[in-house]
Ligand SMILES: Nc1nc2c(ncn2[C@@H]2O[C@H](COP(=O)(O)OP(=O)(O)O)[C@@H](O)[C@H]2O)c(=O)[nH]1
Ligand SMILES: [Mg+2]
């Protein structure tokens, strides 16, 4: 349907970026419902309960923006959030996409079966998709589905940033070990794995934080017909952190009662 756009590395430093404004845009169940492809998108993928929604909330400093579902597998839609990044370069308009989780109680099935053609189509055809952030719960480690997804992303020409989540659940010494183990699984260097904690805001903001990686990813894609922002662009008003969302991302089964915490067991 659409090409992937060309990759053009830019010289702006990756550190020093922060997200100053975010709002929920829309939910989609099919490609035709995606917002106009007018800015780079970075999509968050991972097993159900890996911490996608929590990480989006932590990145954007907006508690409750991406609903943190306590029911694994419940969110079956793509949720789109428009975000404005401020940093060392011109302001960046980026769309963050919370993809449906996969793999809950379906470990025997392939990523295509569990996740469906819609997401695969999105990975292949969404022309503004700059890359994926693939979340791995550090206590569980990477599953075959995570690896299959990383392969799908590579096939689709999308760079993937592997992020270990819930690092607060590990001791400091364990963190290095887990980082190396996850890196080995994906065949990358340990330094390429970002460890985060949404609850303790670890690895997210500041120097070497995930925000900078996401800004860099967003800047790596050129969008045909879209003028890059000029250095002298007037700054946008910065809203307060507690600003309410304009809308609410929808869940697959609205109105369901939230059960008690459904955290996965610690990896043995
Ligand atoms: N301790 C801890 N728990 C987390 C963290 N991130 C998410 N969680 C918990 O993990 C569960 C699933 O998180 P959620 O963001 O809904 O995962 P999603 O299904 O991938 O969107 C929730 O109970 C969260 O509170 C984290 O960094 N640390
Ligand atoms: Mg979620």
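Read-outs throughout are calculated quantities, based only on the coordinates presented, and are distinct from any laboratory measurement. What you are looking at is a predicted structure, and each value in this text was computed from that prediction instead of being measured. Here the Cβ positions follow ideal geometry from the backbone for every residue, glycine too, while neighbour counts run over all protein chains shown.
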field: Ordering of 183-196, 138-151 by packing [mean C-beta count within 10 Å, highest first]
entry: 138-151, 183-196
query: Which of the peptides 20-29, 157-166 is most tightly packed, and how do the rest follow, going by the mean number of other Cβ atoms within 10 Å of each residue?
result: 157-166, 20-29
